[in-house]
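The values are calculated or read from the model by the stated rules, or taken from the named source; none is laboratory data. Predicted model only: the values in this text are computed from it and were never measured. Glycine also receives a Cβ, built like all others from the backbone with ideal geometry; neighbour counts cover every protein chain displayed. These accessible areas exclude ligands, DNA and RNA; they are computed on the full protein's heavy atoms, side chains included. Shrake-Rupley method; radii C 1.70, N 1.55, O 1.52, S 1.80 Å.
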Amino acid sequence: TISLSIGCSEMVEKNVLVRKLAAVETLGSASVICSDKTGTLTEGKMTMVKMFAGGVGYTIEGKGFDPTEGRIHRADTQAEAGNDLAVKSSLLAALLCCNTTLSKVKDPETGEEKYEPKGNSSEAPIVVAARKVGFSEDVSSEYARVLEIPFSSSRKMMLTVSDVSCRSELCPGGMPIEGGSKYFTVCKGAPNFILDYCSEQLMEDGSVQEMTKDSKDKVLSIVDEYSSMALRVLAIATRSMPKLPFDVDDEEVTTDQKFKACRSGLRLVGLVASIDPDRDGVPESVELARGAGIRVIMITGDYLKTAIAIAHNVKILQKEDDEAAAVDCGKLRPNDEYLSHTDMDALTSSVRVFARARPEDKLEIVKSLQRQGLVTAMTGDGVNDAPALNQANIGVAMGIQGTEVAKGASDMILTDDNFCSIVSAVEKGRTIYAGIQKFV
């Protein structure tokens, strides 16, 4: 107990807060670390660098959250494109489906003012890019929001409905709005999910074309291209409505019913692609863990090709790995039912990247690894991650992004949300475990 207690106090210096004393000993025998991607393996500071709108590719300059740096130009001709109809329409529509704000704050150490977003890290690059073409978050007050359905791991998208009464176009120089339309739906989320609900797409000149199989395949090829560059891609789709497609006064109408009623017949407006830089030291920590006989697994909600590209960057996947080392979590649950224990264990025994994961997938992955006799550490930050954190031999919650529910279900908390801290803690845990063995 004395050794464990001393170990706990030393781990605090490595940004690890141990909640349960026995976790220190268990940590020393960990054989698998299952890690989230955003904010743990990466910095969680996304910057928009690519965009596809109206059938045209665009490049966004600048780095970080400063909207005064960089411009938007066409990828083919390098011509200035901040006033292009498709660009303005895509960014404003995306902004109407965001809750993140951007403001200047003073750095307490240097005294310098810098831009800092408050809200969802996935929405921050949208807000910054929208500012570059003249849209502030305040513009949403001109479009009263009448409905918001937040993102969920099952829906894979967020949906808002705004009031656009008396408007013939979304904004000056933006896409036209059909006559008689009062409400404007925006969906923002995973491209392969949103495209399933799109029946048409916006073109460069503001006209609309039917979303055929060929045009859908073209969009998906763009998604694949961006994803292979380790970019996180979001699709933006809209729909104009003369009235809400459900009874507002009926309190029996559920959120899911409202969502299904509003998401049909969508028009694809554009794709936005952002890069999330790897955290410093993560590739070295992954290799250190591999050298110590610890398998590192990345579990993310990202598109498979994005996940593979990032896994290669942080050395979780190596050049000689075949395609079977990374899978879409849909393979774990064909027809929405999980594989048998035997098939599941055979799959998880070699896979190191799980993409398009739901919180419940984490729980099944942990159980499978434990059936194979592996001591498993699992990271998580959301309320839905609590069952997996509780099931794992070592549940690791995020101190910055983590919810109180996740922290309560965990054995230890990373105060800096950094993957490198886990590896340092395992290293320290092994030293303590070896010391206890020698003493006994």
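State whether one or more residues within the stretch 380-401 are of a type in the set (V, I, T), surrounded by fewer than 22 Cβ atoms within 10 Å (Cβ to Cβ) and assigned to a helix (DSSP H, G or I). Yes, the conditions are met somewhere in the stretch 380-401. I'd like to know if the stretch 101-113 contains one or more residues that are among the acidic types (D, E), touching a residue at least 40 places away in the same chain (Cβ under 8 Å) and open to solvent by less than 70 Å² (accessible area, probe 1.4 Å). So far as the stretch 101-113 goes, no, none of its residues is among the acidic types (D, E), touching a residue at least 40 places away in the same chain (Cβ under 8 Å) and open to solvent by less than 70 Å² (accessible area, probe 1.4 Å). Go through D205, D196 for me and flag whichever is more than 23 Å from the chain's Cα centre (by Cα) and either among the acidic types (D, E) or open to solvent by 70 Å² or more (accessible area, probe 1.4 Å) (or both). Among D205, D196, only D205 is more than 23 Å from the chain's Cα centre (by Cα) and either among the acidic types (D, E) or open to solvent by 70 Å² or more (accessible area, probe 1.4 Å) (or both).
On inspection, D416 fails the criterion of being under 22 Å from the mean Cα position of the chain (by Cα) and in a helix (DSSP H, G or I). Has the stretch 162-184 got any residue that is open to solvent by less than 60 Å² (accessible area, probe 1.4 Å), within 24 Å of the chain's Cα centre (by Cα) and modelled with pLDDT of 90 or more? No, every residue in the stretch 162-184 fails to be open to solvent by less than 60 Å² (accessible area, probe 1.4 Å), within 24 Å of the chain's Cα centre (by Cα) and modelled with pLDDT of 90 or more.
Within the stretch 402-416, being open to solvent by less than 10 Å² (accessible area, probe 1.4 Å) and either within 19 Å of G28 (Cβ to Cβ) or touching a Lys or Arg at 6+ places or on another chain (Cβ under 9 Å) (or both) holds for S410, M412, L414. Within the stretch 245-264, residues that are in contact (Cβ under 8 Å) with a residue 60 or more places away in the chain and surrounded by 13 or more Cβ atoms within 10 Å (Cβ to Cβ) have Cβ atoms under 9 Å from residues that are of a type in the set (S, T, Y) and assigned to a loop (DSSP other than H, G, I, E, B) in no pair, counting only partners at least 6 apart in sequence or on another chain.
Are any of the residues in the stretch 13-26 free of Cβ contacts under 8 Å to residues at least 12 places away in the same chain, closer than 20 Å to V282 by Cα and surrounded by fewer than 20 Cβ atoms within 10 Å (Cβ to Cβ)? Within the stretch 13-26, one or more residues are free of Cβ contacts under 8 Å to residues at least 12 places away in the same chain, closer than 20 Å to V282 by Cα and surrounded by fewer than 20 Cβ atoms within 10 Å (Cβ to Cβ).
Hey, among the residues in the stretch 352-374 that are charged (D, E, K, R) and outside any helix (DSSP H, G or I), which one's surrounded by the most Cβ atoms within 10 Å (Cβ to Cβ)? My answer is R356.
The set of residues from the stretch 11-54 being of a type in the set (V, I, T) and outside any strand (DSSP E or B) comprises V12, V24, T26, T38, T40. Taken over the stretch 162-216, the criterion of being among the charged types (D, E, K, R) and in contact (Cβ under 8 Å) with a residue 40 or more places away in the chain is satisfied by E178, K182, K188, E200, E204, D205. Could you tell me whether the stretch 214-233 includes any residue that is small (G, A, S) and crowded, with 19+ Cβ neighbours inside 10 Å? Yes, there is a match, as at least one residue in the stretch 214-233 is small (G, A, S) and crowded, with 19+ Cβ neighbours inside 10 Å. Could you check the stretch 20-47 and list, in sequence order, the residues that are of a type in the set (D, E) and touching a Pro at 6+ places or on another chain (Cβ under 8 Å)? Within the stretch 20-47, E43 is the sole residue that qualifies.
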